[in-house]
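Take a look at the structure set out below.
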Amino acid sequence: MNTLTEDLHYISERVNHLRAHFNSAQTRSYEWRVTQLSQLKKMLVEQEQSFLQALASDLAKSEYEAWTTEIGFTISDIDHTLKHLEKWMKPRKVSTPLIAHPAKSYQLPEPLGTVLIIGAWNYPIQLVLAPLVAAISAGNCAVMKPSELAPACSELLAKLLPKYLCNDSFWVLEGAVAETTEVLKQKFDHIMYTGGEGVAKIVMRAAAEHLTPVTLELGGKSPCIIDNDCNLDMTAARIVWNKWMNAGQTCVAPDYVIIEESQSQAFIDILKSKITQFYGNDIKHNQDYGRIINTRHLTRLVSYLAGQNIVIGGEHDTQKKYLEPTVVLDPDLDSQLMLDEIFGPILPIITVEKIADAISLINHRAKPLALYVYTKNTEFENYVLNFTSSGNVCINDGMMFMANPNLPFGGVGSSGMGQYHGQAGFDTFSHLKTVMKRSTLLDPALRYPPFTEIKLTLLKKLL
Ligand code: NAD
């Protein structure tokens, strides 16, 4: 029995409208896809100021971060897609075994239908629009549900997208748990969810009702290994950049650092000087440093610090939703700080006797979304690559791998399933229909009864 809440009727109506429109086949053409992608880019260019304002309002994002990680990131995703779309849409030829000759075999990408995109609050524009770029490129209709925790961005997307995109093909649903619960009751052809593990299970359960495939872009505790054999100064700079961007609220931020005990003090000293170099002495009033999304998350983060050995920072201001870049040395591995994904500006440093001990520490936990290793030692690099599992790895830097659209992005195990960005996104939102076209010139009797011994001998030779 469908327990449809009366005043949420509009959700099923809108989804049904999109589904009916998809059946009209208008979204399939290359031209339609190019038009929608170009319109999306036009929106980002023309409305840049409105997006910057919304991101500043929700997360106090600086213009630099807002442009590079949200607006500019999505524009370059669109450009890359437009450049390669024709090629991605082409049939992908595969060889045909002798037994099936004469024939042609290929995979034909086709749109899945109407898809649901659920975004998270930390990159509230990019995490809705990058999946949308992939969905459009594959020729789908889409419902987007931005996160209610970033209300200015959610409202802006709901206001602007209908002005630029085809309203029969796309719809922005605003709302929180009630609306998401209701939209998840609808039948979709694919769901891409970005967010935490708890809600991911709700999404997957709802999807199972309709046998809808899901892509889950989740998080987890991404480790960062610092080998003795590395450029410590550059390592610290890159870690500060990666960790304190968006005040640590990045799914691929290093969650914790592992370093040999003998190196830890030198690393802390450089880290401290890099933080000051990048953010100054009055970080609270520095426009380049973001704010925590809400007081609930700030309280959660501050609670992690109780009883910890804070070696850098630690100050907070609840009213301003501010938490200073904070470093904790050797927290109890069973403390909440080391059990939860931090998702904020706190960096624990775990010291080990030998850096090789990092492997068992990492493998003791769920598979992370990203893993970072700073080393000049190729043998150690290979050791880490071969003995750990993670969605993504970057050697000698932070989240730079995100800048390469040729690298599919996604988690493994509890950090997610499925991938997107670039062609991986196109493939995620496409069905690669297999096609075999047989010739009618020949029709050997080999496969037809009556089955003789000679036929079987010949067949065994052909297979
Ligand atoms: P969130 O609170 O914004 O929730 C995500 C979405 O789930 C929202 O649209 C929200 O409306 C919906 N939702 C919330 N509760 C629901 C419920 N009970 N039923 C149905 N829908 C519900 O985001 P979050 O979960 O706080 O996001 C943080 C997590 O997301 C972190 O773990 C982070 O690592 C991960 N993340 C991953 C990526 C990635 O690309 N892999 C990117 C950003 C964030």
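The values are calculated or read from the model by the stated rules, or taken from the named source; none is laboratory data. As the structure is a computational prediction, the values presented were derived from the model and not from experiment. Note that we place each Cβ from the backbone using ideal geometry, even for glycine, and neighbour counts take in every protein chain shown. All accessible areas refer to the heavy atoms of the entire protein, side chains included, with ligands and DNA or RNA removed. Shrake-Rupley method; radii C 1.70, N 1.55, O 1.52, S 1.80 Å.
Across segment 322-339, which residue is nearest to the ligand (Cβ to nearest atom) among those that are outside any strand (DSSP E or B) and in contact (Cβ under 8 Å) with a residue 60 or more places away in the chain? Within segment 322-339, the match that is nearest to the ligand (Cβ to nearest atom) is Met338. Being open to solvent by less than 40 Å² (accessible area, probe 1.4 Å) and under 29 Å from the mean Cα position of the chain (by Cα) is the requirement here; does Ile349 meet it? The answer is yes for Ile349. Identify, by number, the condition in (1) open to solvent by 30 Å² or more (accessible area, probe 1.4 Å); (2) more than 23 Å from Tyr123 (Cβ to Cβ); (3) not assigned by TED's automatic domain parsing to the domain that holds Lys145 that Arg238 doesn't meet. Unmet condition: (2).
Here the condition is being in a helix (DSSP H, G or I), closer than 19 Å to Gly196 by Cβ and either open to solvent by 10 Å² or more (accessible area, probe 1.4 Å) or in contact with a helix residue (DSSP H, G or I) (Cβ under 7 Å, 6 or more places away or on another chain) (or both); of Val128, Val133, it holds for Val128 alone. Among the β-branched types (Val, Ile, Thr) and either in a loop (DSSP other than H, G, I, E, B) or surrounded by fewer than 22 Cβ atoms within 10 Å (Cβ to Cβ) (or both) - does that describe any residue in segment 414-432? Checked segment 414-432: no residue is among the β-branched types (Val, Ile, Thr) and either in a loop (DSSP other than H, G, I, E, B) or surrounded by fewer than 22 Cβ atoms within 10 Å (Cβ to Cβ) (or both).
Pairs under 6 Å by beta carbon, first residue not assigned by TED's automatic domain parsing to the domain that holds Leu347 and open to solvent by less than 20 Å² (accessible area, probe 1.4 Å) in segment 209-221, partner at pLDDT below 95 and more than 8 Å from the ligand (Cβ to nearest atom), six or more apart or different chains? Going by the 6 Å Cβ cut-off, there are no qualifying pairs. Close contacts from segment 271-284, counting a first residue that is charged (D, E, K, R) and a second that is part of a helix (DSSP H, G or I), with Cβ to Cβ under 6 Å and a gap of 6+ residues or different chains, come to Lys274/Ala236; Lys274/Ala237; Lys274/Val240. Residue count for segment 352-402 under the criterion of being over 17 Å from Ser262 (Cβ atoms), open to solvent by 10 Å² or more (accessible area, probe 1.4 Å) and of a type in the set (Gly, Ala, Ser): the result is 5.
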